[in-house]
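Q: Take a look at this one; I'll ask things after.
Each value in this text was obtained by applying a stated rule to the coordinates, not by laboratory testing. This one's a predicted model, so the numbers in the text were calculated from it and none came from an experiment. All Cβ positions, glycine included, derive from the backbone under ideal geometry; neighbour counts span all protein chains shown.
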Amino acid sequence: MRTFFPSESYKETQLNAFYPQAWLQVERGKLSKLSLQSSSSSIESLIKVPDPPILPYFKPVDYVEVLAQIHEELESCPTHERSNLYLLQFQVFRGLGEVKLMRRSLRSAWQKASIVHEKLIFGAWLKYEKRGEEIITDLLATCEKCAQEFGPVDIAAQFPVDTGVDAGNPNDPHAVDGNPMSRHVTFKISDEEIVCDRQKISGLSAPFHAMLNGCFTESNREVIDLSENNLSPSGMRVIREFSNTGNLDEVSPDLLLEILTFANKFCCEKLKDACDRRLAPLASTREDAVELMDYALEENCHILAASCLQTFLNDLPDCLSDHRVVDIFMNANKQQRSTMVGHASFSLYCLLSEVSINLDPRSENTACFLERLVEFSETDRQRLFACHQLGCVRLLRKEYNEAKRLFEAAFSAGHIYSVVGLARLSHINGNKQWSYDKLTSVISTGVPLGWMYQERSLYSDANKKLTDLEKATGLDPTLTYPYMYRAASLMRKQDVHAALAEINRILGFKLALECLELRFCFYLALEDYQAAICDIQAILTLSPDYRMFEGKAAALQLRTLVREHVNNWTTADCWIQLYDRWSSVDDIGSLSVIYQMLESDAAKGVLYFRQSLLLLRLNCPEAAMRSLQLARQHASSEHERLVYEGWILYDTGHCEEGLQKAEESIKIKRSFEAFFLKAYALADSSQDPSCSSTVISLLEDALKCPSDRLRKGQALNNLGSVYVDCEKLDLAADCYINALKIRHTRAHQGLARVHYLRNDKAAAFEEMTKLIEKARNNASAYEKRSEYGDRDSTKADLDMVTQLDPLRVYPYRYRAAVLMDSHKVDEAIAELSRAIAFKADLHLLHLRAAFREHTKDVLGALRDCRAALSVDPNHQEMLELHSRVNSHEP
């Protein structure tokens with residue numbers, strides 16, 4: 001979901017603020033001169049930092065407690081409640097920004113669906129989340145493996161067949177014997193007469209039985225006129241055939257609809273069910289589904305309605321641009337909604353709201369879907385989340401009174417994060433002090449979190465603001481606004497070095513586009529256009545359609561203009577630059593160089609593949625997959641294309657199929673990348689220790705094939721790792737040394753491991769020091785070096801790791817373990833809790849649960865166990881600890 005819900009105060013003050021044309025002469029493609037001395041007002045506009053967005057997410061103060069509650073409820077709840085609990089779990093993980101865990105929760109909701117409507121909703125939701133990955137299904141098909149996991153559901157098969165009395169049953173107690181006049185009955189429709197078996201027609205429904213065998217005048221008639229019932233003679237003949245056989249043969253859709261209406265009118269349930277099932281497969285396009293849904297809702301046809309719903313959901317997000325589809329979702333009454341979606345209304349409107357927010361959070365459709373979401377909330381937790389989300393949208397739409405009512409409702413129900421909305425509204429209304437006091441009250445009455453101090457800083461004076469932002473970063477170092485504000489403040493004071501150092505702090509571990517954009521602005525203000533173009537090319541790699549300065553300028557346009565002020569690189573220059581930056585572990589710089597190289601006539605498949613490797617290293621899996629698909633699209637040969645297809649499959653968890661693609665590529669041509677892929681996939685997929693020799697052979701084959709030094713360095717590094725695992729340390733050392741000779745800097749880490757295994761910790765420490773000195777991104781190097789130093793240097797290295805990349809969890813676990821060994825239990829638990837507050841990590845929760853079990857805090861340990869199992873339900877050690885702690889619960 002789009003996360004940018006900007007503050008109204010910022011948007012109002014920025015209405016007439018900086019536009020790119022103020023410093024870019026667009027018509028000439030030139031940059032106007034800008035200096036810190038002569039254009040301070042332009043700089044002020046250039047480095048304006050917007051207020052942090054209000055996130056339209058469920059953000060409980062104690063997410064561990066909520067996850068534990070959900071896990072506990074899942075253990076004992078009725079089957080039909082499970083999907084909604086997994087949906088709530090999804091919302092918690094979304095508030096934490098845990099994309100993989102979000103998808104896993106959605107998958108669990110889909111797997112545990114108790115009715116077909118839930119199956120359709122969560123299947124469509126997963127498909128929506130995976131849009132852009134359709135190629136994977138096609139690739140799996142080429143490997144003779146079906147992957148239509150979220151493909152069309154056979155709707156009719158999900159509903160039980162009507163088991164009423166069969167038509168024409170000779171044992172039917174309603175049959176009348178001994179009356180020769182009652183055996184046949186003729187139905188007259190217009191000028192045609194259709195002769196039917198009286199008892200078989202009477203067996204269609206109770207009304208027909210009463211009419212033909214009861215005390216009505218029709219019971220004694222041989223001819224009955226049905227001309228006033230909107231039924232054609234053809235329709236009646238089909239009904240006669242159905243009364244005899246119980247089947248509907250080939251019948252046109254129009255005739256089926258006619259018969260369906262008649263069957264519903266005369267309560268012919270088996271006939272209606274048969275029509276319902278025959279019509280359901282016809283709702284295969286949006287046009288057909290729109291038309292058929294009207295009949296389904298009017299005639300209360302559950303199967304047809306579900307089939308139409310499936311078509312709409314599989315057409316997301318496009319179908320929400322069709323007012324007819326939107327009207328169906330908006331205007332369905334309670335009975336129609338039950339027909340269309342069963343008891344899954346909340347889940348449906350949760351999905352529709354999500355998609356609509358992504359399309360346009362300010363739209364009327366978004367507001368209306370969220371109104372339905374609030375209306376169909378069944379639990380307090382659902383209601384507070386729905387109210388908060390609708391409050392965010394009302395605020396965007398400047399419907400302030402309604403937004404306030406919704407935020408108050410969510411806040412009163414326990415969603416403390418909604419105070420952010422109340423504070424912004426109070427500020428808009430000119431009562432800044434109320435906002436400050438309200439946040440102060442929230443901070444003082446519970447466990448303070450980073451976002452609380454961040455929000456209060458917006459209403460503080462200058463000195464208090466910086467104090468609050470420091471506290472915010474200390475509690476949650478992943479928040480981007482504090483870094484951006486501090487960096488911008490330093491830049492205004494012309495402390496350039498400190499400003500860049502501050503924004504680089506967060507870019508060192510979190511590649512946030514808004515932070516790259518701010519640094520780009522810094523470089524523009526400094527007229528360092530080479531550095532500026534580096535950042536904007538990294539931005540465009542991550543998000544090709546990115547717009548800067550609150551959407552006022554396309555990043556691509558700015559890049560074009562800035563490029564006028566940098567020297568053009570030849571292809572050879574680009575390769576030299578890429579080699580230098582790759583060797584110094586400058587991933588952002590490497591991305592920028594590759595972006596520039598893609599404009600040349602160089603082989604684009606190879607470059608997009610390199611781009612994908614960097615993006616994976618930077619923890620940008622979606623962008624990496626996009627680059628891999630582009631590599632496949634631009635492959636210069638079939639064997640090259642097969643390699644990229646293999647990596648696509650491998651990176652999406654289809655290791656065996658990736659291996660198959662590598663083998664197909666090798667059959668066509670022996671190439672470095674094909675052998676490398678095969679070695680990589682084989683090492684990952686095989687549990688047999690003897691496969692190491694095969695992996696070694698494959699990597700040696702790869703090294704014999706032509707390739708550049710960047711990739712050969714990686715192959716040598718991998719080969720060294722395999723030799724280490726096989727305890728062939730001399731061969732491993734040779735590989736690492738050869739890799740270093742061609743400047744594969746990461747080989748220092750492998751060589752350090754060899755030194756350590758040779759019982760030379762000092763040499764290992766020194767080797768890692770070399771890596772730290774060379775690598776621009778070196779948090780992992782400090783972490784690895786900590787294994788080779790004495791206790792003091794280990795502590796210092798791990799403190800540096802946390803400073804460089806607070807998302808790395810090992811340092812917290814190490815420090816907590818040291819504290820626990822020193823019998824400082826409270827401090828040990830506090831160290832773990834510090835990281836758990838902003839990162840839902842299994843290992844942190846596991847260790848804290850173990851500490852709490854050790855101190856006899858059974859309830860605390862059980863809570864951590866349940867939260868950890870929400871993160872990974874199949875973790876064996878966690879399951880064992882949970883079972884042990886659970887047995888001690890009072």
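Q: Extending each Cα 7 Å along its Cβ direction at ASP495 and LEU513, get the distance between those two points in nm, one decimal.
A: Those two pseudo-labels are separated by 3.1 nm.
Q: At 222 nm, what value in deg cm²/dmol follows for the chain if DSSP H runs of at least 4 each add -39500 (n - 2.57) and the sum is divided by all its residues, to the nearest 500?
A: Computed ellipticity for the chain at 222 nm equals -20500 deg cm²/dmol.
Q: Here's a follow-up. Of SER870, ALA830, LEU807, which is farthest along the charge dipole of segment 806-889 in the positive direction, counting Lys and Arg as +1 and Asp and Glu as -1 at C-beta?
A: LEU807
Q: About its Cα centre, how strong a charge dipole does the chain have in debye, to the nearest 20, once Lys and Arg get +1 and Asp and Glu get -1 at the Cβ?
A: For this selection, approximately 3120 debye.
Q: Something else about it: Express the Stokes-Einstein translational diffusion coefficient of the chain in µm² s⁻¹, to the nearest whole number, given a Kirkwood radius over alpha-carbon pairs, 4 °C and a viscosity of 1.567 mPa s.
A: In µm²/s, the coefficient is 41.
Q: Out of the DSSP beta bridges found with both residues in the chain, what percent are antiparallel (nearest 5)?
A: For the chain, the DSSP antiparallel bridge percentage is about 75.
Q: Suppose we take every Cα in segment 806-889 and form the convex hull; what volume per residue is that in Å³?
A: Dividing the Cα hull volume of segment 806-889 by its residue count gives 81 Å³.
Q: Assigning unit charges at the beta carbon (Lys, Arg +1; Asp, Glu -1) and nothing else, what dipole magnitude in debye, to the nearest 20, does segment 806-889 show about its Cα centre?
A: 220
Q: Among the trypsin sites (Lys or Arg not before Pro) in segment 817-890, which ones are in a DSSP loop with at most 11 other Cβ atoms within 10 Å of the Cβ? Mind listing them?
A: LYS856
Q: Using alpha-carbon pairs under 8 Å, 6+ residues apart, how would you state the relative contact order of segment 261-351 in percent?
A: It rounds to 25 percent for segment 261-351.
Q: Go through TYR736, HIS639, ASN886 and say which Cα lies farthest out towards the positive end of the charge dipole of the chain; charges sit on Cβ, +1 for Lys and Arg, -1 for Asp and Glu.
A: It is TYR736, whose Cα lies furthest towards the positive end.
Q: Further question on the same structure: When the dipole is taken about the Cα centre of segment 317-463, and only Lys, Arg (+1) and Asp, Glu (-1) are charged at their Cβ, what size is it in debye, to the nearest 20?
A: My answer is approximately 260 debye.
Q: Mind listing which GluC sites (Glu not before Pro) in segment 226-278 are in a DSSP loop and have 15 or fewer other Cβ atoms within 10 Å?
A: GLU250
Q: Further, regarding this structure: Going by average Cβ density within 10 Å per residue, which order do the peptides 218-227, 550-559 take, highest to lowest?
A: 550-559, 218-227
Q: A further question follows. Semi-axes of segment 436-559's equivalent ellipsoid from the Cα gyration tensor, sqrt of 5 times each eigenvalue, largest first, rounded to whole Å?
A: They are 30, 16, 12 Å, listed from largest to smallest.
Q: Continuing with the same structure: Distance cut-off 30 Å, Cα to Cα: go down the list LYS471/LYS552; LYS145/LYS272; LYS59/LYS119 and report the pairs above it.
A: Long pairs (Cα-Cα over 30 Å): LYS471/LYS552; LYS145/LYS272.
Q: Still on this model: What is the projected area of the convex hull of the Cα atoms of segment 511-645, averaged over all directions, in nm²?
A: 8.2
Q: Considering only the other residues whose Cβ falls under 12 Å of the Cβ of ARG221, what net charge follows from Lys and Arg at +1 and Asp and Glu at -1?
A: Its environment carries a net charge of -1.
Q: Separate question: Would you mind checking LYS465/LYS510; LYS100/LYS510; LYS200/LYS270 for any pair whose Cα atoms are more than 19 angstrom apart?
A: LYS465/LYS510
Q: Looking at segment 554-633, which GluC sites (Glu not before Pro) are DSSP coil and have at most 12 other C-beta atoms within 10 Å of their C-beta?
A: Here the GluC sites (Glu not before Pro) that fit, given the DSSP loop and packing criteria, are GLU599.
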